[in-house]
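**Student:** One structure, as structure tokens, below. Some questions next.
The values are calculated or read from the model by the stated rules, or taken from the named source; none is laboratory data. Everything numeric here is computed off the predicted structure, so don't read it as measured data. Neighbour counts run over all protein chains shown; Cβ positions are idealised from the backbone, glycine included.
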Number of protein chains: 2
Amino acid sequence: MNNSILSLSCPMPKLDFDVITLGHGSGGVLTNKLLESGVFDLLKNPILDEHHDGAIFELDGKLAFSTDSYVISPVFFPGGNIGELAINGTVNDLAMCGAIPKYLSLSFILEEGLTMTEFWEILLSIKAAAEKSGIFIVTGDTKVVERGKGDKIFINTSGVGQLHPKAAISAKRVQVGDKVIVSGNIATHGIAIMSVREGLDFETSIESDTINLNHTVEALLDTFGNDIHLFRDPTRGGVATVLNEIARDTKLGINIQQKDIPVIEEVYGACELLGLDPLYVANEGVFMAIVSAEIADDCLKKLQTFENGQNAAIIGEVVSEHPRQVVLQSRIGGKRVINMLVGEQLPRIC
Amino acid sequence: MNNSILSLSCPMPKLDFDVITLGHGSGGVLTNKLLESGVFDLLKNPILDEHHDGAIFELDGKLAFSTDSYVISPVFFPGGNIGELAINGTVNDLAMCGAIPKYLSLSFILEEGLTMTEFWEILLSIKAAAEKSGIFIVTGDTKVVERGKGDKIFINTSGVGQLHPKAAISAKRVQVGDKVIVSGNIATHGIAIMSVREGLDFETSIESDTINLNHTVEALLDTFGNDIHLFRDPTRGGVATVLNEIARDTKLGINIQQKDIPVIEEVYGACELLGLDPLYVANEGVFMAIVSAEIADDCLKKLQTFENGQNAAIIGEVVSEHPRQVVLQSRIGGKRVINMLVGEQLPRIC
């Protein structure tokens, strides 16, 4: 269900205020009014409906727990807004642990003056993204800071998931010969944000690929179980940074082939224009898998049957040479070491 | 262990930067440098040491899950700072659910220009508060926003706890005749913050009472089990707002006696001066318990054996008259209805 359909079925409630004020963070009548004016109804589920300071649920066994604060600027961008990003980001972090996302907390830091129209639009995206991933928002918090002490809206989501019974995800399990798979076109999210960033805007039809990856990951674990050694999503710092972290943590080397790395032509063009290497640009709807060589081709084929895996590719392998280093073989055959991102390419990309 | 002792045993590491820059939120080399310069060492535990995007642990049964973002201003205040507040706040929310706090996530939104000295001081408080409560910080996130788009530091903590086997905490269990206990002097935290707030500062020796309440709550549950019907901590909105929420949720009335409500004389004086009712001022180190009449006196006695329960008192009871309303009997015998806090007494009190 996309946002425009949601807007029709969940119109913004009639309120006697149209912007967020400091009083909405008081914990008193105004906070209650804000939440009960439609927020609780929109996100309704039996656990959230308890309205306690915390949520109670039953879960057994190995659990995954992850948190992220989202400060992306601008809040609305081509292909999405901070709301769905905040849901998908934490859902995906849980998936990367090999977990099935179950319960989510949702915490807002609102800047005085945020319009209710904007807030409602963000809430609709949150609802749609949560439903798509199957996670339940069970507890939350709302704070308001003075104008000029925040930037419209920051969101924290923290999530709890249950480990997939077949998952054995750990850097320790990565071995020489393993293949490196990337699930889709890289650098799309980062370029979409850059295209609308103040002082930098340029014409493009590129949209962020923010999406939940959990169903795809679950299907891969169902089929390939512990032949999948590691999942990582290359968000801030891009593919290059994540590969360097893997090389560091495994004390092994990684070789990648430039020709195999999937990048949309328009994104590639924008990177050229801006002098950026797509390997360092942030992603949202992409994950990487390090899998045993035996199942790599089958895993790739399976991945390509999913909408968010259509452009998946095997881009490299784990090697014993040059431990802790990532080496790229370029299109024309040259080799160079790829380091971790230094400094900041573009702040507040997620 | 207090902060000054901690500062000696955990001196700030030597760094080649002394303020936070946007690069520290890049997810690349600088983020890694910041975290590995001492943050990971300081908060060290086997789960955090995995350095994955999420933490994995095993827990069974009924769990509690809670989140809060902390935006208190000023960040350093008499009696504490935002670091310990962020740990104690979420630990206490879990305790209020009747849970034993187990695992915590820690997410920073830093403003460019925050000094490392300030950040380290906050981290030391986080470490000390986590150790005191017994909770493990197992996963986290660090974002940086441009100068003027945040306010030094915002912190989100989310926590997972295991329900105490004897806990049966629910508004549904509150019944006519139950006693209302408050665990200590009220309004102290709010007045401590007000005393140093820009434009409002006045001479006082009042310090915030921010503290973890979980060990005290656990001991009460050990002894009185399901005779404790509800716990709530009267943070934003104060005692009056929480009592109103309880009256609303239970559809019962609540009577309280002004003479029985514990308030430090200096806090009472400051409230008089500022024209505030202590019942609406925010608390941090105080909780309320609604317990069955039979055990109320014993529960009070037990509570008074704890350092943070010395000033505990029974302040009222649940009644069938005036459903959904809270009525205060004043010192001179008059009665008046106490409503929920409207608007904002003082923004960013937690």
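**Student:** Pick from region A:179-224 the residues that are of a type in the set (Ser, Thr, Tyr) and either in contact with a His (Cβ under 7 Å, 6 or more places away or on another chain) or assigned to a loop (DSSP other than H, G, I, E, B) (or both): which of them is farthest from A:LEU104 (Cα to Cα)? Spell out how you get there, then give the answer.
**Tutor:** Here is the first cut: in region A:179-224, the residues of a type in the set (Ser, Thr, Tyr) are A:183, A:188, A:195, A:204-205, A:208, A:210, A:216, A:223.
Checking the rest, the ones that are also either in contact with a His (Cβ under 7 Å, 6 or more places away or on another chain) or assigned to a loop (DSSP other than H, G, I, E, B) (or both) come to A:183, A:195, A:204-205, A:208, A:210.
Values: A:SER183: 25, A:SER195: 31, A:THR204: 34, A:SER205: 32, A:SER208: 23, A:THR210: 18 Å.
Top of the filtered list is A:THR204.
**Student:** Another question, if that's okay. Exactly one condition in (1) part of a loop (DSSP other than H, G, I, E, B); (2) more than 24 Å from the chain's Cα centre (by Cα); (3) in contact (Cβ under 8 Å) with a residue 40 or more places away in the chain is false for A:ARG348; which is it?
**Tutor:** (2)
**Student:** Kindly check whether there is at least one residue in region B:307-326 that is assigned by TED's automatic domain parsing to the domain that holds B:ILE211, assigned to a loop (DSSP other than H, G, I, E, B) and in contact with a Pro (Cβ under 8 Å, 6 or more places away or on another chain).
**Tutor:** yes
**Student:** While we're looking at this one, here's another question. Would you check if there is a residue in region A:290-300 being farther than 15 Å from A:VAL180 by Cβ and out of contact with any helix residue (DSSP H, G or I) (no Cβ under 8 Å at 6 or more places or on another chain)?
**Tutor:** no
**Student:** In addition: Tell me whether region A:140-150 contains one or more residues that are more than 10 Å from chain B (Cβ to nearest Cβ) and out of contact with any Phe, Trp or Tyr (no Cβ under 8 Å at 6 or more places or on another chain).
**Tutor:** Taking region A:140-150 as the starting set, the residues that turn out to be more than 10 Å from chain B (Cβ to nearest Cβ) are A:147.
If we keep only those that are out of contact with any Phe, Trp or Tyr (no Cβ under 8 Å at 6 or more places or on another chain) too, we end up with A:147.
Taking every residue of region A:140-150 in turn, at least one turns out to be more than 10 Å from chain B (Cβ to nearest Cβ) and out of contact with any Phe, Trp or Tyr (no Cβ under 8 Å at 6 or more places or on another chain).
**Student:** Another question, if that's okay. What number goes with the only condition from (1) closer than 24 Å to A:TYR70 by Cα; (2) aliphatic (A, V, I, L, M); (3) buried (at least 21 other Cβ atoms within 10 Å of the Cβ) that A:LEU220 does not pass?
**Tutor:** (1)
**Student:** Would you please name the residue that is nearest to the other protein chains (Cβ to nearest Cβ), looking only at residues in region B:45-61 that are over 20 Å from A:ALA95 (Cα atoms) and at pLDDT 90 or above?
**Tutor:** Of all residues in region B:45-61, those over 20 Å from A:ALA95 (Cα atoms) come to B:45-46, B:60-61.
Remaining after also requiring at pLDDT 90 or above: B:45-46, B:61.
Numbers: B:ASN45: 13, B:PRO46: 13, B:GLY61: 7 Å.
Once the filter is applied, the top-ranked residue is B:GLY61.
**Student:** Right, next: Go through region B:226-306 and tell me which strands (runs of 3 or more DSSP E), entirely inside it, have 1 or more residues that are of a type in the set (Phe, Trp, Tyr) and buried (at least 17 other Cβ atoms within 10 Å of the Cβ). Don't jump to the end; show me each part of the working.
**Tutor:** Working: elements: B:228-232, B:253-257, B:288-291.
Hits in region B:226-306: B:228-232.
**Student:** List every residue pair whose Cβ atoms lie under 8 Å apart, where the two residues are 6 or more positions apart in sequence or sit on different chains, the first residue falls within region A:246-259 and is closer than 13 Å to A:ILE181 by Cβ and in the same structural domain as A:ASN185 (by TED's automatic domain parsing), and the second residue, located anywhere, is assigned to a strand (DSSP E or B) and at pLDDT below 95.
**Tutor:** none
**Student:** Filter region A:167-178 for residues that are of a type outside the set (Gly, Ala, Ser), outside any helix (DSSP H, G or I) and buried (at least 16 other Cβ atoms within 10 Å of the Cβ) and give the result.
**Tutor:** Going through region A:167-178, the residues of a type outside the set (Gly, Ala, Ser) turn out to be A:169, A:172-176, A:178.
Checking the rest, the ones that are also outside any helix (DSSP H, G or I) come to A:169, A:174-176, A:178.
Matches in region A:167-178: A:ILE169, A:VAL174, A:ASP178.
**Student:** Also: Specify which of the listed residues (A:LEU104, A:LEU85) is at pLDDT 95 or above and either closer than 17 Å to B:ASP68 by Cα or over 12 Å from the mean Cα position of the chain (by Cα) (or both).
**Tutor:** Values: A:LEU85 fails: either closer than 17 Å to B:ASP68 by Cα or over 12 Å from the mean Cα position of the chain (by Cα) (or both).
When all the criteria are applied, what remains is A:LEU104.
**Student:** Looking at A:THR223 and the list (1) more than 20 Å from A:GLU317 (Cα to Cα); (2) within 19 Å of the chain's Cα centre (by Cα), which single condition is not satisfied?
**Tutor:** A:THR223 satisfies every listed condition except (2).
**Student:** Could you grab the pairs with beta carbons closer than 6 Å, sequence gap of 6+ or different chains, first residue in region A:126-139 and within 14 Å of chain B (Cβ to nearest Cβ), second one assigned to a helix (DSSP H, G or I) and at pLDDT below 95?
**Tutor:** A:ILE137/A:LEU43; A:VAL138/A:LEU48
**Student:** A follow-up question, please. If you take the residues of region A:163-192 that are touching a Leu at 6+ places or on another chain (Cβ under 7 Å) and away from chain B (no Cβ under 14 Å), which of them is nearest to A:LEU85 (Cα to Cα)?
**Tutor:** A:SER183
**Student:** Go through (1) out of contact with any Pro (no Cβ under 9 Å at 6 or more places or on another chain); (2) surrounded by fewer than 19 Cβ atoms within 10 Å (Cβ to Cβ); (3) away from chain B (no Cβ under 14 Å) one by one and return the number of the condition A:THR210 breaks.
**Tutor:** (2)
**Student:** Could you tell me whether region B:82-100 includes any residue that is assigned by TED's automatic domain parsing to the domain that holds B:GLU36 and surrounded by fewer than 20 Cβ atoms within 10 Å (Cβ to Cβ)? Walk me through it before giving the result.
**Tutor:** Within region B:82-100, the subset assigned by TED's automatic domain parsing to the domain that holds B:GLU36 is B:82-100.
With surrounded by fewer than 20 Cβ atoms within 10 Å (Cβ to Cβ) added as a condition, the list becomes none.
No, every residue in region B:82-100 fails to be assigned by TED's automatic domain parsing to the domain that holds B:GLU36 and surrounded by fewer than 20 Cβ atoms within 10 Å (Cβ to Cβ).
**Student:** Then there's this: Hey, could you check region B:327-345 for residues that are assigned to a loop (DSSP other than H, G, I, E, B) and more than 26 Å from the chain's Cα centre (by Cα) and say which is nearest to the other protein chains (Cβ to nearest Cβ)?
**Tutor:** In the first step, residues of region B:327-345 are kept if they are assigned to a loop (DSSP other than H, G, I, E, B); the result is B:330-334, B:339-345.
Next cut, more than 26 Å from the chain's Cα centre (by Cα) only: B:330-334.
Working: B:SER330: 22, B:ARG331: 25, B:ILE332: 27, B:GLY333: 28, B:GLY334: 24 Å.
Among them, the one singled out is B:SER330.
**Student:** Then there's this: Hey, could you check region A:101-120 for residues that are among the small types (Gly, Ala, Ser) and buried (at least 21 other Cβ atoms within 10 Å of the Cβ) and say which is farthest from A:ILE349 (Cα to Cα)? If you could, list the steps in order and put the result at the bottom.
**Tutor:** Kept after step one, since they are among the small types (Gly, Ala, Ser), are these residues of region A:101-120: A:105, A:107, A:113.
Imposing the further condition that a residue be buried (at least 21 other Cβ atoms within 10 Å of the Cβ) reduces the set to A:105, A:107.
Working: A:SER105: 22, A:SER107: 19 Å.
Per the criteria, the residue is A:SER105.
**Student:** Continuing with this model, one more query. Considering each residue of region A:127-164, count those that are not charged (D, E, K, R) and not in a strand (DSSP E or B), and give that number. First the steps, then the outcome.
**Tutor:** Residues of region A:127-164 not charged (D, E, K, R): A:128-130, A:133-140, A:142, A:144-145, A:148, A:150, A:153-164.
If we keep only those that are not in a strand (DSSP E or B) as well, we get A:128-130, A:133-135, A:148, A:150, A:164.
So the answer is 9.
**Student:** OK, next. If you scan region B:172-206, which residues turn out to be of a type in the set (Gly, Ala, Ser) and either in contact with a Cys (Cβ under 7 Å, 6 or more places away or on another chain) or not assigned by TED's automatic domain parsing to the domain that holds B:GLY269 (or both)?
**Tutor:** Listed by number, the list holds a single entry, B:ALA187.
**Student:** Same structure, new question: So B:SER7 ticks every box in (1) buried (at least 17 other Cβ atoms within 10 Å of the Cβ); (2) more than 14 Å from every other protein chain (Cβ to nearest Cβ); (3) under 30 Å from B:ILE191 (Cβ atoms) but one. Which box is left unticked?
**Tutor:** It is condition (1) that B:SER7 fails.
**Student:** Output the qualifying pairs, or none if there are none: Cβ atoms under 7 angstrom, residues six or more apart or on different chains, first residue in region A:113-125 and part of a loop (DSSP other than H, G, I, E, B), second residue of a type in the set (Val, Ile, Thr).
**Tutor:** These pairs meet every condition: A:GLY113/A:VAL19; A:GLY113/A:ILE20; A:LEU114/A:VAL19; A:LEU114/A:ILE20; A:LEU114/A:ILE153.
**Student:** Something else about it: Is region B:93-107 home to any residue that is touching a strand residue (DSSP E or B) at 6+ places or on another chain (Cβ under 9 Å), assigned to a loop (DSSP other than H, G, I, E, B), more than 7 Å from every other protein chain (Cβ to nearest Cβ) and on the phi < 0 side of the Ramachandran plot?
**Tutor:** Step one: of region B:93-107, the residues touching a strand residue (DSSP E or B) at 6+ places or on another chain (Cβ under 9 Å) are B:93-107.
Filter once more, keeping what is assigned to a loop (DSSP other than H, G, I, E, B): B:97-98.
The next check asks that each one be more than 7 Å from every other protein chain (Cβ to nearest Cβ); those that pass are B:98.
Applying the additional criterion that residues be on the phi < 0 side of the Ramachandran plot yields none.
Checked against the condition, which is being touching a strand residue (DSSP E or B) at 6+ places or on another chain (Cβ under 9 Å), assigned to a loop (DSSP other than H, G, I, E, B), more than 7 Å from every other protein chain (Cβ to nearest Cβ) and on the phi < 0 side of the Ramachandran plot, region B:93-107 yields no hits at all.
**Student:** Please indicate, with yes or no, whether at least one residue in region B:31-44 is within 12 Å of chain A (Cβ to nearest Cβ), outside any loop (DSSP other than H, G, I, E, B), touching a helix residue (DSSP H, G or I) at 6+ places or on another chain (Cβ under 7 Å) and buried (at least 24 other Cβ atoms within 10 Å of the Cβ).
**Tutor:** No, region B:31-44 contains no residue that is within 12 Å of chain A (Cβ to nearest Cβ), outside any loop (DSSP other than H, G, I, E, B), touching a helix residue (DSSP H, G or I) at 6+ places or on another chain (Cβ under 7 Å) and buried (at least 24 other Cβ atoms within 10 Å of the Cβ).
**Student:** Looking at (1) out of contact with any Leu (no Cβ under 9 Å at 6 or more places or on another chain); (2) within 19 Å of A:ASN214 (Cβ to Cβ), which is the only condition A:TYR103 fails?
**Tutor:** It is condition (1) that A:TYR103 fails.
**Student:** When region A:140-162 is examined, which residues are found to be under 20 Å from the mean Cα position of the chain (by Cα) and crowded, with 21+ Cβ neighbours inside 10 Å? So that I can check it myself, show each step before the final result.
**Tutor:** Going residue by residue through region A:140-162, those that are under 20 Å from the mean Cα position of the chain (by Cα) are A:140, A:153-162.
Correct list: A:GLY140, A:ILE153, A:PHE154, A:ILE155, A:ASN156, A:THR157, A:SER158, A:GLY159, A:VAL160, A:GLY161.
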